[in-house]
Amino acid sequence: MIVKLKSPPVTTDSPGAVAQPSQMQGLAHRLGMTMRERAGPIERTHVVTAHGLDSRQLATRLARDSEVEYAVPDERRHRLSAPDDPRYATGLATPGPASGQWYLRAPLDEVQSSINAEGAWAVLGGQSRRIVVAVLDSGVRFDHPDLRRFDEGGNLLPGYDFVTDPFLDNDGTPGRDSDASDPGDWVSQADVNGPANTVGCTLADVAPSSWHGTQTAGLIGAITNNARGMAGLTGPGGNVLVLPVRVLGKCGGFDSDIIPAMRWAAGLSVPGVPANPNPARVINLSLGGAGPCGRAYQDAIREINQAGVVVVAAAGNTNGGAVNAPANCPGVIGVAGLRQLGSKVGYSDLGPEIALSAPAGNCVNLDGECLYPLLTTTNSGTTTPVAAEDAYTDGINATAGTSFSAPLVAGTAALMLAVQPSFNPDEVRQLLRTSARAFPTTGDAPGVGLCQAPTVDANGFAVEQFECYCTTSTCGAGMLDAGAAVALARTTEPVSVSGGGALGGAWLLALGLAVCAVARTRREA
C-alpha cells in the first residue's frame, strides 16, 4: 500500500511537517498489525506491506485511522500495447473504416467519446476472475472464426434458444431448445403476405438477415490478440465469456420469450427449461419497444437484480424520443448513443432513465465510406448464413445504433466484476456513473444545441430531436470510461464486504475518497 499520513501537529518538539517512522510504528500498534515499510514516492508517504490481508481490506483499515490522509494499493502496471488484431489499427484501406476500432482507444479531440478499453486492460493484470455476459438477441454464429465456442478456444458458451413462435423462430425446430445459433432473420414480401405470418409482420419489416446478435456478441467477446479480425472490448485476458440467448427472430421477439430468457440467463428457474450451467453476472438487452416498463419486466428485473445480476439495455433509435422499454425499467442501466465527438447521435433516444452514454457509431459524411462506425463481427448471408465466414462490418456495411452502445457498457461492467465480483448491481451502476467523463459542450457543428427532454406534438407523436449536446438529465451521468471504471472498481470496497445492503452515505463517502485516490494516482504518476 501507498499510505499518506496527515501532517502532525506542529510543536516545539516537531518543527516540520514530515512523516516520521514513529508515526508509522504508532499506526501499526493501533491497528494491531505487523507492517514492513519504506519511504514513499512523495512527501509524508510510506510504502507498507502487511501479510494476511488483501489490498482492499488493508486499505480500508488504514484509511479509517485519524492520522491517515489516504491509503491506496501499490498497483503493478503493465506496458500498454495495442492488440495485434489487424482491424484494431487506424489507417485501414477501403472499405475501412480508416478509424479502425476508434471507440476502444483512449479519447482524443477527434474521438472524444472513445471509451479507453486499453486502460481497463492495463488495470486487469492477471488477478481477475472470469465473468459471464448473457447477450439476449437473435442468436450468434458460433462458426465465426473470431468468436468460436469456448471449448474451441473462443469466448462463446453454448446458450439457449427461447423463441417459441414457429414463424419467428425460422430454424426448423420450433420451440425452445439448446441451439442458440442464428439461422438468419430475413423477412421477404412473401413472408409478410403468407399464411404463416400470424404475428403482425408488415412490409416495413422486409429486410435481409441482420446478424444482430453476432454483431453485439463480437463487440464484447471477439477474440483479442489472435492476429485476426478485431479486438473485443473485454480484451486479451480471457476475463469474459459470452452466453448467447436467442430471443429474437423474424420481425423481432415477444416479451413472453424475453422475460423467461432473462431469468434463465441469471440462473433462475424457468419451467420446462434445463437449469443454466453458466449463470451470467451481466445481461445485455440490445432490444426494446415504445412504452412504459410493464409489471412483468419490473418483477423479473427486481428478482434478477436481487440475484446479483446487472442488466444493461439500449435506449432506442427513434431520433430523440422517449427511452424504450426495458431500458426505462427500474434496475436497468439504460444506455444512450454518442457521436465520435461526444454529442448525442441523432437517432439515439434520451431521457432521465438513461444511466450513461457510449459510442453508437456515426458516419459524419453523406457520401462514401462511413467514417466512425463500430466495427464488429457479422455474416454476409442475406438470408441463411455463409458457413464459417470471417466477416466484419466496415465503412460500407456499417454498424450503428444504441444496440451497439449497450454492449460496450455491459462489457465494461463485466470487467469491473472481474476485479471485484462482490459488487451488487447498484454498486456497478454507481461506479459506472461516477467514473464517466463529462459531456462536451462545444466543438461540434455550428447550431448544435443542448438536448432537451423528449416531448410529443399535439397529435401525440414524438418530436424528433437529432444531434445535440448531452446533459445529465437527458443522457445520463456522462460518457463511458472503461479504464476509469475498472480502476475505480479495483480500489472500491463493496457494501457486501464492508457491511450493509443498499448504498448508504458511508459507502458513497468511501466511493468519493476512492475517486480522489484514483485521480491523485494519475496526477502523481
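The values are calculated or read from the model by the stated rules, or taken from the named source; none is laboratory data. Keep in mind that this is a model prediction, so the values were computed, not measured. When we count neighbours, we look across all protein chains shown, and the Cβ atoms used for this are built from the backbone with ideal geometry, even at glycine.
Among the numbered conditions (1) of a type outside the set (A, V, I, L, M); (2) outside the structural domain of ASN284 (by TED's automatic domain parsing); (3) on the phi > 0 side of the Ramachandran plot, tell me where GLY401 comes up short. (2) is the only condition that GLY401 fails. Among the residues of segment 124-155, the ones that are crowded, with 24+ Cβ neighbours inside 10 Å and either modelled with pLDDT under 95 or not basic (Lys, Arg) (or both) come to 12 in all.
Restricting attention to segment 163-175, which residues are part of a loop (DSSP other than H, G, I, E, B) and under 32 Å from the mean Cα position of the chain (by Cα)? Of everything in segment 163-175, those that are part of a loop (DSSP other than H, G, I, E, B) and under 32 Å from the mean Cα position of the chain (by Cα) turn out to be VAL163, THR164, ASP165, ASN170, ASP171, GLY175.
Might you check whether a residue that is assigned to a helix (DSSP H, G or I) and either among the basic types (Lys, Arg) or assigned by TED's automatic domain parsing to the domain that holds ARG149 (or both) occurs anywhere in segment 194-204?
Going residue by residue through segment 194-204, those that are assigned to a helix (DSSP H, G or I) are 203-204.
Remaining after also requiring either among the basic types (Lys, Arg) or assigned by TED's automatic domain parsing to the domain that holds ARG149 (or both): 203-204.
Looking for residues that are assigned to a helix (DSSP H, G or I) and either among the basic types (Lys, Arg) or assigned by TED's automatic domain parsing to the domain that holds ARG149 (or both), one finds at least one in segment 194-204, hence yes.
Within segment 239-253, no residue that is assigned by TED's automatic domain parsing to the domain that holds GLY194 and free of Cβ contacts under 8 Å to residues at least 40 places away in the same chain sits with its Cβ atom under 8 Å from a residue that is crowded, with 24+ Cβ neighbours inside 10 Å and of a type in the set (D, E, K, R) at 6+ positions apart or across chains.
In a residue-by-residue description of segment 323-334, the property of being in contact with a Phe, Trp or Tyr (Cβ under 6 Å, 6 or more places away or on another chain), small (Gly, Ala, Ser) and closer than 30 Å to ASP457 by Cα applies to no position. Exactly one residue among SER188, SER178, SER210 is under 20 Å from ALA400 (Cβ atoms), surrounded by fewer than 20 Cβ atoms within 10 Å (Cβ to Cβ) and either over 28 Å from the mean Cα position of the chain (by Cα) or at pLDDT 95 or above (or both), and that residue is SER210. Applying the criterion of at least 3 residues that are surrounded by 18 or more Cβ atoms within 10 Å (Cβ to Cβ) to the helices (runs of 4 or more DSSP H) found wholly in segment 398-501 leaves 406-419, 425-435, 482-490.
So that you can scan it fast, the table gives a plain yes or no per residue for (1) in contact with a Pro (Cβ under 7 Å, 6 or more places away or on another chain); (2) aliphatic (A, V, I, L, M):
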{"site": "SER380", "(1), (2)": "no, no"}
{"site": "ALA387", "(1), (2)": "no, yes"}
{"site": "PRO421", "(1), (2)": "no, no"}
{"site": "GLU427", "(1), (2)": "yes, no"}
{"site": "ARG433", "(1), (2)": "no, no"}
{"site": "ALA436", "(1), (2)": "no, yes"}
{"site": "PHE439", "(1), (2)": "no, no"}
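Taking the criterion of being outside any loop (DSSP other than H, G, I, E, B), polar (S, T, N, Q), without any contact (Cβ under 8 Å) to a residue 60 or more places away in the chain and not assigned by TED's automatic domain parsing to the domain that holds GLY237, would at least one residue in segment 352-360 satisfy it? No, the conditions are met nowhere in segment 352-360.
Residues that are surrounded by fewer than 24 Cβ atoms within 10 Å (Cβ to Cβ), modelled with pLDDT under 95 and either closer than 23 Å to GLN112 by Cβ or acidic (Asp, Glu) (or both): does segment 346-364 have at least one? Yes, some residue in segment 346-364 is surrounded by fewer than 24 Cβ atoms within 10 Å (Cβ to Cβ), modelled with pLDDT under 95 and either closer than 23 Å to GLN112 by Cβ or acidic (Asp, Glu) (or both).
The set of residues in segment 6-40 that are among the hydrophobic types (A, V, I, L, M, F, W, C) and at pLDDT below 55 comprises VAL10, ALA17, VAL18, ALA19.
Condition check ((1) in a loop (DSSP other than H, G, I, E, B); (2) without any contact (Cβ under 8 Å) to a residue 24 or more places away in the chain; (3) in the same structural domain as ALA217 (by TED's automatic domain parsing)) across all residues:
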{"position": "GLY346", "(1), (2), (3)": "yes, no, no"}
{"position": "ASP349", "(1), (2), (3)": "yes, no, no"}
{"position": "LEU366", "(1), (2), (3)": "yes, yes, no"}
{"position": "PRO385", "(1), (2), (3)": "yes, no, yes"}
{"position": "ALA388", "(1), (2), (3)": "yes, no, yes"}
{"position": "ASP394", "(1), (2), (3)": "yes, no, yes"}
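Scanning segment 458-469 for residues that are out of contact with any Gly (no Cβ under 8 Å at 6 or more places or on another chain) and under 13 Å from ALA322 (Cα atoms) returns GLY460, PHE461.
Residue-wise test of (1) among the β-branched types (Val, Ile, Thr); (2) part of a loop (DSSP other than H, G, I, E, B); (3) modelled with pLDDT of 95 or more; (4) more than 22 Å from the chain's Cα centre (by Cα).
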| position | (1), (2), (3), (4) |
| --- | --- |
| GLU75 | no, yes, no, yes |
| LEU80 | no, yes, no, no |
| THR90 | yes, yes, no, yes |
| ALA106 | no, yes, yes, no |
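Within segment 418-439, none of the residues are more than 13 Å from the chain's Cα centre (by Cα) and closer than 21 Å to SER209 by Cβ. Test GLY235 against the stated conditions and say whether it is part of a loop (DSSP other than H, G, I, E, B), under 30 Å from PRO83 (Cβ atoms), out of contact with any Lys or Arg (no Cβ under 9 Å at 6 or more places or on another chain) and touching a residue at least 24 places away in the same chain (Cβ under 8 Å). Yes; evaluated as a whole, the condition is true for this residue. For segment 442-454, the set of residues classified as modelled with pLDDT of 95 or more and not hydrophobic (A, V, I, L, M, F, W, C) consists of GLY449, GLN452, PRO454, listed by residue number.
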